[in-house]
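The block underneath contains the structure these notes are about, expressed in structure tokens.
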Amino acid sequence: MIVRFGYVAMSVHLDNASPSKTMTMTSFSKLADREAGLRRLERIAEENLHNTLRLLKHNRYMGIQVYRMTSKIIPLVTHEELQDWDPYPALAKAFAEVGAFVREHNMRVSFHPDHFTVLSTPREEVFRNSVKDLRNHVRMLEAMGLDESALNNIHVGGSYGDKVKSGKRFIEQFRSIEQRITERITLENDDKTFTAAETLSIAEEVGVPMVLDIHHHEVNPGNELLKDLWPRILQTWDRFPWNVKHANTSHKLPPKLHVSSPKSVTDPRGHADLIEIEQLLRFLVDIASVTPAIDVMIEAKSKDEALMKLMDDFRAIEASGGPIRVIDGGSLEVLS
DNA sequence: ACCTGTCAAGTCTGG
DNA sequence: CCAGACTTGACAGGT
């Protein structure tokens with residue numbers, strides 16, 4: 001099984017490379033010249049795209065092929081008061097440049113819209129805004145020229161006192177959204193409400209791939225065992241008809257795993273600086289024989305530093321005769 | 001240079 | 001019905 005690792009949004013190794021610089025609505029409103037303000041927002045977005053590209057180049061240098069981009073690339077883009085503003089023409093070149101680099105180096109990039117995107121909501125306005133936010137994420141991926149293997153990962157949402165009813169509402173509302181958006185969605189189990197089994201059933205029902213978060217599963221496990229769910233989770237990725245280049249061979253889009261470690265005993269849901277390797281290693285070894293390839297998103301406070309430390313730990317396991325063969329700075333093979 | 005409150009957005013709990 | 005917690009990087013405004 002080939003495993004590629006990725007991290008989220010920013011690097012602790014690159015200085016002045018924030019891909020999520022912003023401007024608050026409060027300060028935008030204070031500007032006398034609205035048009036000049038919009039140009040300034042576009043400049044910030046351009047800078048964020050430039051830093052995204054810098055991060056991708058850093059990743060390439062490190063051997064890291066998987067990366068989650070920040071949702072905050074274009075400040076205020078979905079804000080109610082700026083709906084007459086279309087920043088995309090001005091950003092076309094910057095977006096295209098990022099996308100070209102991703103394609104050229106066979107990278108896998110994704111977005112994870114914030115927790116304000118909730119498709120299970122009973123509030124019509126919240127649902128509308130959620131679709132608007134998703135549409136913007138799709139538009140960014142399209143502006144990058146990335147095909148439908150570049151995905152937006154979301155959670156099912158709140159339970160509103162009746163989880164079964166909310167799950168049904170998610171499915172119903174999901175089906176009312178245009179295909180251009182839904183074909184780019186993946187669903188992830190969360191740490192409070194929808195367990196892996198519940199998320200999986202909904203993902204199967206609407207036909208989207210499921211992203212498994214093993215830390216969320218640990219703090220919100222439900223009754224199912226992961227090893228029982230895994231074959232079904234794997235199947236949700238079967239619908240991808242296209243191939244992606246992957247470690248010099250061609251595969252379907254590999255399934256995705258999210259990994260983080262509990263911050264502390266008192267805050268088990270919080271994310272620690274680094275990754276404890278034990279649980280992850282056990283899981284990878286468990287699934288290796290039935291899983292040709294998987295991409296693992298590291299969600300640790302120390303970002304790419306946590307990824308590198310984890311690779312060091314894998315090298316130590318390889319050196320002591322464990323079933324690991326490290327390929328480069330961001331990928332390895334689990335022998336089965 | 002550093003500190004503190006605030007930010008576009010949602011949900012849940014407790015009062 | 002409303003305030004605060006949750007959680008996060010970065011702005012904004014202060015010292």
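Points to keep in mind about this one:
- Considering the stretch A:59-77, the residues that are open to solvent by less than 10 Å² (accessible area, probe 1.4 Å), among the hydrophobic types (A, V, I, L, M, F, W, C) and away from DNA strand B (no atom under 11 Å from the Cβ) include one that is farthest from residue A:331 (Cα to Cα), namely A:69.
- Test for residue A:137: is it within 12 Å of DNA strand B (Cβ to nearest atom), part of a loop (DSSP other than H, G, I, E, B) and out of contact with any His (no Cβ under 6 Å at 6 or more places or on another chain): no
- Residue within the stretch A:239-246 that is modelled with pLDDT under 95, open to solvent by less than 10 Å² (accessible area, probe 1.4 Å) and part of a strand (DSSP E or B) present: yes
- Some residue of the stretch A:143-155 being within 30 Å of residue A:103 (Cβ to Cβ), assigned to a loop (DSSP other than H, G, I, E, B), open to solvent by 10 Å² or more (accessible area, probe 1.4 Å) and small (Gly, Ala, Ser): yes
- Qualifying residue in the stretch A:59-74 (condition: among the aliphatic types (A, V, I, L, M), within 12 Å of DNA strand C (Cβ to nearest atom) and in contact (Cβ under 8 Å) with a residue 40 or more places away in the chain): yes
- Verdict on residue A:106 being under 30 Å from residue A:60 (Cα atoms), under 16 Å from the mean Cα position of the chain (by Cα) and open to solvent by 10 Å² or more (accessible area, probe 1.4 Å): no
- Considering the stretch A:98-122, and only residues there that are in a loop (DSSP other than H, G, I, E, B) and hydroxyl-bearing (Ser, Thr, Tyr), the residue that is nearest to DNA strand B (Cβ to nearest atom) turns out to be A:121.
- The strands (runs of 3 or more DSSP E) found wholly in the stretch A:284-336 include none carrying at least 1 residues that are open to solvent by 70 Å² or more (accessible area, probe 1.4 Å) and of a type in the set (S, T, N, Q).
- Looking at the stretch A:178-228, the helices (runs of 4 or more DSSP H) lying wholly inside it that each contain 2 or more residues that are modelled with pLDDT of 95 or more, crowded, with 22+ Cβ neighbours inside 10 Å and in contact with a Leu (Cβ under 8 Å, 6 or more places away or on another chain) sit at A:196-206.
- Candidate set: the stretch A:123-134, residues that are under 21 Å from the mean Cα position of the chain (by Cα) and near DNA strand B (Cβ under 7 Å from one of its atoms); chosen: the one nearest to residue A:186 (Cα to Cα): A:133
- Residue within the stretch A:78-85 that is open to solvent by 50 Å² or more (accessible area, probe 1.4 Å) and in a helix (DSSP H, G or I) present: yes
- Taken residue by residue, the stretch A:36-58 has at least one member that is at pLDDT 95 or above, within 30 Å of residue A:274 (Cα to Cα) and of a type in the set (Ser, Thr, Tyr).
- Test: residue in the stretch A:26-33 that is open to solvent by less than 10 Å² (accessible area, probe 1.4 Å) and within 12 Å of DNA strand C (Cβ to nearest atom): no
- The set of residues in the stretch A:18-42 that are more than 16 Å from DNA strand B (Cβ to nearest atom) and either assigned to a loop (DSSP other than H, G, I, E, B) or under 18 Å from residue A:94 (Cβ atoms) (or both) comprises A:32, A:33, A:39.
- Residue within the stretch A:109-125 that is closer than 30 Å to residue A:31 by Cα, modelled with pLDDT under 95, more than 16 Å from DNA strand C (Cβ to nearest atom) and surrounded by fewer than 17 Cβ atoms within 10 Å (Cβ to Cβ) present: no
The values are calculated or read from the model by the stated rules, or taken from the named source; none is laboratory data. Fair warning: this is a prediction, and the values are worked out from it, not measured in the lab. Quick reminder, even Gly has a Cβ in these numbers, built from the backbone with ideal geometry, and neighbours come from all protein chains shown. Side chains are part of the model used for accessible areas, which takes the heavy atoms of the whole protein and leaves out ligands, DNA and RNA. Shrake-Rupley method; radii C 1.70, N 1.55, O 1.52, S 1.80 Å.
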